[in-house]
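*Asks:* One structure coming up, written as structure tokens, with questions to follow.
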Amino acid sequence: PVITHHNGVREREVFYTLAPDVPRRGPARDAFERSLDEAIGSIHRPAGTTIALDRSGESTNWFRRIAVPVVLLVFLVLAVTFESMTLPILILIALPLALLGSVWALVLTGIGFEAMALLGALVLLGLAINPADLLVDRMQQHTRGGWSAGAAALAAVRERARPVLMTSATTVAALAPLSIATGRENEIWPPFATLVIGGLLTSTVLTLLVIPVGFVFLRRLDELFGRVGPWAVLAWLGAVLAITTPLFAFDVIESLFWQVTTTVLIAGALLGLTLWLLPKPPSPEPETAAGPPRLVVRHLRKTYGLPGPVRRAMRATADFARRVVAQGGRAFEPADARDRLLPLLLLFAGAVALATRMRTGLVILALLIAILLLGSRLLHEIRRARGRADDLGRVESGGFEGVLTALLPWALLAWLVVPEMVAEPQVGGFVALAIVSAVILLVQLGRRTARLETMRREQRTASRRRARGLRGRILRVWRAVATKVFGLDLPIDTVKALAAVSFEVERGMVGVLGPNGAGKTTLLRQVTGILDSTRGRITLGGVPLLSVRTRLARYVGYLPQDAGLPPRLTARQYLEYFAALYQIDKSERASRISTLLREVGLEERADEQIGGYSGGMRQRVAVARTLLRLPPIIVVDEPTVGLDPRERVRFRNLLSRLAKDRIVLFSTHVVEDVAVACDRVLVLSRGRMVFDGLPASLSQEAEGRVWSWRTPGGDETAELPEGAVLADSKPEPDGTNSLRVLAAGRPDDRAAPVEPTLEDGYLWLVRSAREVAAV
């Protein structure tokens, strides 16, 4: 608390609160106040000192009279501006958020709720709603443009976060000098500035989180009220009033906080009960009247290891610089860094000047943190201005700037702690100093480890001695944690599994062909709803996949590479278990299981244990399980891997029969499987679709690019030109080797053109895709 001057007398206010069990009115209250006066009067007072108990409440009465009209006026202006009665309520949510921060600011600084603090509260009524006003205005613009409420809220936060933070930061910076209490006469501004700063900071940060959620909730509430009709809404409001009015009128609940909380809880409970009683709207179902639902994939992308929102925000500047350099521009000039030196120097000097005038309190801690951040940034820009940075603007390690940056936190710690420790050495102070020193050392070591790990990953230099045993495990854990925690602004590795894949399927068997790592499994797992796509859209029968995800098993059956069959169950027992799990009617289970076993060719061995089956028979059991729900779409991921030729043919024939009235997506890297069984083929390479058409058309991709010739028997390899692909090399009866090469031009004087095969077209497409990716 600060000593103030009032009518020529030095005063110091002390605030107190009463326990909840203190009587509020009546004779008991009068007796309590008399005992309180006697207790205060019995306190020893030095000569010339008086203690007065103020019960008039004059300092807050005027605020209570004017606050409500101010809030109503703000509500009226917002309602006229937004042409809505609900959006102003959403914006005014910022006021209790600001009140929360204001109260904590006053509590932490030890300032009472004085007249100037009340004036600051009035000012805060206008300032606190500005961030919410900007957000809601942008959300309303997006919704009028046809955006959904969720998309509009997310877009508004992305677009308005920067101006909101900048506006609040400049206001706080302007009020910061007024918040510093020096103890001089007639010092009235610290309560005002402290309350406004605390409320503005809290409302700004929480508004960016609360307002988008509230906007989506209000939109859904509007849709709900539209469903139930106006009479149900009036009945709901009447029920809330009928329950709460007696509670408040007969003083069952007296506190304003609990009155508001009770009203919200009762209204929410009644609204939830209404929702539970209302009939649920029908869920969209894919169109299956004319056959299997049409499968449409549009611009599907999948990238593994994408950064989260925090890392993405911290990496925004570096990622932009990387894109500029990739397009041939210059992302950094030393002159740009020199232009930033003067503003940073002024801010750093101002923070140091303020810190020298203050020695205690939370304000000095905030100033020291600001000095640390500004000083580190200033040294960072000095090194950039000296040209010690790469084309992306990343500062090279070392130099006197790096040494000073490492020493800066230790210098600030010594400046803050050493004078106090010398004046009053205490054990607790030494313990606190040791803890803070350990934290600083941990942060510096973690940051250094994160930078080294990132540098090794970028340069692909993993050639270091691998520690073994407990020490090795500790080092690996430390490196992983340091990279995760202290490297949020450092680049991470991402893997682009799919890039803009689009196709449509109406019926039949479609083969997905590609080498290992081409993205086949990733594509199929997204079609089956196992993986979420980074970008793109999948629809089944005109309905988005996400809308039917909870019941997707009715429409899509998935057979992975390893079905995980239990070896001790028979095929019939296994299918009976899954039939019960899928809640298939008991009257249909036996007939459906028998039909499926007959269809997959296992009727005669249905009562033998699965552990005694061959690989192809196990795959057929997995297919039968996939068909239990009779899905119109079947997705099979490389089912012929590890099968002998006979079982492979049987399995291909089975899938061909199933594809007559279904959609079958069949992924493989064996060209023969696609050539024999599929009606259509998709070729993936490096995550991109390079071919979509008939299998016969695939061979035409290598037309005029297939060459064959013979080499002497001792010459097993031939010199091939750059870009040529050796498709086949086999010995001939006459002792020579027959070579089959894919090349854009004649690779050898002895080479003669030959007719391309399906495999030639596939190899040429993969080779072309690799060249494009390399460029």
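The values are calculated or read from the model by the stated rules, or taken from the named source; none is laboratory data. What you see is a predicted model; the values in this text were computed from it and never measured. When we count neighbours, we look across all protein chains shown, and the Cβ atoms used for this are built from the backbone with ideal geometry, even at glycine.
*Asks:* For segment 564-619: of the residues being hydroxyl-bearing (Ser, Thr, Tyr) and within 23 Å of Asp644 (Cα to Cα), which is surrounded by the fewest Cβ atoms within 10 Å (Cβ to Cβ)?
*Replies:* Ser614
*Asks:* Whether any residue in segment 497-508 is under 28 Å from Pro632 (Cα atoms) and in a loop (DSSP other than H, G, I, E, B) is what I want to check.
*Replies:* Within segment 497-508, one or more residues are under 28 Å from Pro632 (Cα atoms) and in a loop (DSSP other than H, G, I, E, B).
*Asks:* Moving on. Touching a residue at least 60 places away in the same chain (Cβ under 8 Å), small (Gly, Ala, Ser) and in the same structural domain as Gly198 (by TED's automatic domain parsing), is that true of Ala151?
*Replies:* no
*Asks:* Now for a different question. Based on what the data block shows, is Gly745 out of contact with any strand residue (DSSP E or B) (no Cβ under 7 Å at 6 or more places or on another chain) and touching a residue at least 60 places away in the same chain (Cβ under 8 Å)?
*Replies:* no
*Asks:* Sticking with this structure for a sec: Scanning for something modelled with pLDDT of 75 or more, of a type in the set (Val, Ile, Thr) and exposed (fewer than 10 other Cβ atoms within 10 Å of the Cβ), does segment 34-42 turn up at least one residue? Even if it seems obvious, please write down each step before you answer.
*Replies:* Residues of segment 34-42 modelled with pLDDT of 75 or more: 34-42.
Right, trim to of a type in the set (Val, Ile, Thr) and you get 40.
So of that shortlist, the ones also exposed (fewer than 10 other Cβ atoms within 10 Å of the Cβ) come out as none.
No; the residues of segment 34-42 include none that is modelled with pLDDT of 75 or more, of a type in the set (Val, Ile, Thr) and exposed (fewer than 10 other Cβ atoms within 10 Å of the Cβ).
*Asks:* Here is a further query. Does segment 155-173 contain any residue that is without any contact (Cβ under 8 Å) to a residue 40 or more places away in the chain, in the same structural domain as Val70 (by TED's automatic domain parsing), buried (at least 20 other Cβ atoms within 10 Å of the Cβ) and not charged (D, E, K, R)?
*Replies:* yes
*Asks:* Answer yes if at least one residue in segment 391-411 is outside the structural domain of Ala173 (by TED's automatic domain parsing), surrounded by fewer than 18 Cβ atoms within 10 Å (Cβ to Cβ) and either of a type in the set (Val, Ile, Thr) or touching a Cys at 6+ places or on another chain (Cβ under 6 Å) (or both), and no otherwise.
*Replies:* Checked against the condition, which is being outside the structural domain of Ala173 (by TED's automatic domain parsing), surrounded by fewer than 18 Cβ atoms within 10 Å (Cβ to Cβ) and either of a type in the set (Val, Ile, Thr) or touching a Cys at 6+ places or on another chain (Cβ under 6 Å) (or both), segment 391-411 yields at least one hit.
*Asks:* Something else now. Return the only residue of Gly616, Gly601, Gly612 being of a type outside the set (Asp, Glu) and out of contact with any Leu (no Cβ under 9 Å at 6 or more places or on another chain).
*Replies:* Being of a type outside the set (Asp, Glu) and out of contact with any Leu (no Cβ under 9 Å at 6 or more places or on another chain) holds for just one of Gly616, Gly601, Gly612, which is Gly612.
*Asks:* For segment 320-340, indicate whether the set of residues that are under 23 Å from the mean Cα position of the chain (by Cα), part of a helix (DSSP H, G or I) and charged (D, E, K, R) is non-empty.
*Replies:* Yes, the conditions are met somewhere in segment 320-340.
*Asks:* Please enumerate the residues belonging to segment 6-33 that are among the aromatic types (Phe, Trp, Tyr) and modelled with pLDDT of 75 or more.
*Replies:* Phe32
*Asks:* So which residues in segment 476-505 are of a type in the set (Ser, Thr, Tyr) and surrounded by 13 or more Cβ atoms within 10 Å (Cβ to Cβ), if there are any at all?
*Replies:* Scanning segment 476-505 gives Thr483, Ser502.
*Asks:* Among the candidates Val213, Val240, which residue alone is part of a helix (DSSP H, G or I) and within 34 Å of the chain's Cα centre (by Cα)?
*Replies:* When all the criteria are applied, what remains is Val213.
*Asks:* Continuing with the same structure: Going through Glu716, Glu701 one at a time, which residue ends up being assigned to a loop (DSSP other than H, G, I, E, B) and at pLDDT below 90?
*Replies:* Every option except Glu716 fails the conditions.
*Asks:* Has segment 586-603 got at least one residue that is assigned to a helix (DSSP H, G or I), of a type outside the set (D, E, K, R) and farther than 27 Å from Gly508 by Cα? Don't jump to the end; show me each part of the working.
*Replies:* Step one: of segment 586-603, the residues assigned to a helix (DSSP H, G or I) are 586-599.
From the residues that got through so far, the ones that are of a type outside the set (D, E, K, R) too are 587, 590-591, 593-597.
Narrowing the set further to residues that are farther than 27 Å from Gly508 by Cα leaves 587, 590.
Yes, because at least one residue in segment 586-603 is assigned to a helix (DSSP H, G or I), of a type outside the set (D, E, K, R) and farther than 27 Å from Gly508 by Cα.
*Asks:* Mind listing whichever residues of segment 543-585 are at pLDDT 85 or above, among the acidic types (Asp, Glu) and assigned to a loop (DSSP other than H, G, I, E, B)?
*Replies:* Asp585, the sole residue that qualifies.
*Asks:* Within the bounds of segment 620-640, is there any residue that is part of a helix (DSSP H, G or I), touching a Gly at 6+ places or on another chain (Cβ under 6 Å) and farther than 16 Å from Ala553 by Cα?
*Replies:* The initial filter retains those residues of segment 620-640 that are part of a helix (DSSP H, G or I), namely 620-626.
Then keep just the ones that are touching a Gly at 6+ places or on another chain (Cβ under 6 Å); that gives 626.
With farther than 16 Å from Ala553 by Cα added as a condition, the list becomes none.
Checked segment 620-640: no residue is part of a helix (DSSP H, G or I), touching a Gly at 6+ places or on another chain (Cβ under 6 Å) and farther than 16 Å from Ala553 by Cα.
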